[in-house]
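Reading through the structure tokens given below for one structure.
The values are calculated or read from the model by the stated rules, or taken from the named source; none is laboratory data. Just so it is clear, the structure is predicted and the values come from calculations on it, not from any experiment. Note that each Cβ is placed from the backbone with ideal geometry, even for glycine, and that neighbours are counted across all protein chains shown.
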Amino acid sequence: MKKLIVMLSIIAVLLSAVGMVGAQDATPTPVPATSTVGAGVFPNKLDRTALRRASERILLQATADATKLSREDILKQLTTGKTLADVITANGATVETVVNAAVATATDQITTAVKAGRLGQVQADALIANLQKAYTAAVNGEFRLLAEKAIITVAVLRLAAEQTGMTVKDIVGEIRSGKSLADVLKEHGVDVTAFMTSAVDAAKKRLDQAVTNGRITQDNADKRLQQFQQRLTERINKVGGVESTPEATAAA
């Protein structure tokens, strides 16, 4: 179950995905150099990765509170093709309740960050102005779509780790240093074409199993496999093309 949570936690592109990173204050408020981000707490600057992590936790917690489901159960249901809205309504809650709760929590935390001097007021206003739109988009489909991309990212990184003898953490570090995944593979004696073939084969095996289990149709599986092949081809030679997030690092 821990593996599932780690794989799906990368989907938290909630606020940054809809343009929440807004204008900076003309005179930025000084922030502590060593401040940290706790569970679901907004960061001390408009850092996209930190926003993702905080936003994901806030929305999942709001959903868990409203539906009385655990985070694990919510994420498991998302893997069956449901949206977060589907999960919410099927478990006796309303989308409005969850979105409003997430917005309220995020607003409180942003306000606290301003009072503590960790965010400027212009930054905070930009965040708050987009909360409703961001969480509504996430609940009604964005969340699940990002989950699927996250699963692909971590699966590819795990396969690369297996074939290179490296850890996922080390591969992510190499990508962050300015290399593509293809660069990393070649430097460790792995043929890129063979790697792509094995990655596609692994993806097909998982999709075939999903069809057998009745989770998706064959037509849907074929489309997903085609999209996976296209995305892998486009990104494997691109610097930073395979997303190197802290959550992917944690999957090691």
Taking the criterion of being outside any helix (DSSP H, G or I) and over 30 Å from Ile110 (Cβ atoms), would at least one residue in segment 138-157 satisfy it? no
Here are some residues: Gln24, Gln77, Gln61. Which one is modelled with pLDDT of 70 or more and within 23 Å of Lys115 (Cβ to Cβ)? Gln61
Just give me the residues in segment 159-187 being under 17 Å from Asn237 (Cβ atoms) and assigned to a loop (DSSP other than H, G, I, E, B), in sequence order. Ser177, Gly178, Lys179
Just one of (1) of a type in the set (A, V, I, L, M); (2) modelled with pLDDT of 90 or more; (3) touching an Asp or Glu at 6+ places or on another chain (Cβ under 8 Å) trips up Ala160, so point out which. (3)
Working only within segment 69-111, note down all residues that are charged (D, E, K, R) and assigned to a loop (DSSP other than H, G, I, E, B). Lys82
Scan of segment 188-220 for residues that are over 22 Å from the mean Cα position of the chain (by Cα), among the hydrophobic types (A, V, I, L, M, F, W, C), part of a helix (DSSP H, G or I) and surrounded by 15 or more Cβ atoms within 10 Å (Cβ to Cβ), ordered by number: Val192, Phe195, Met196, Val211
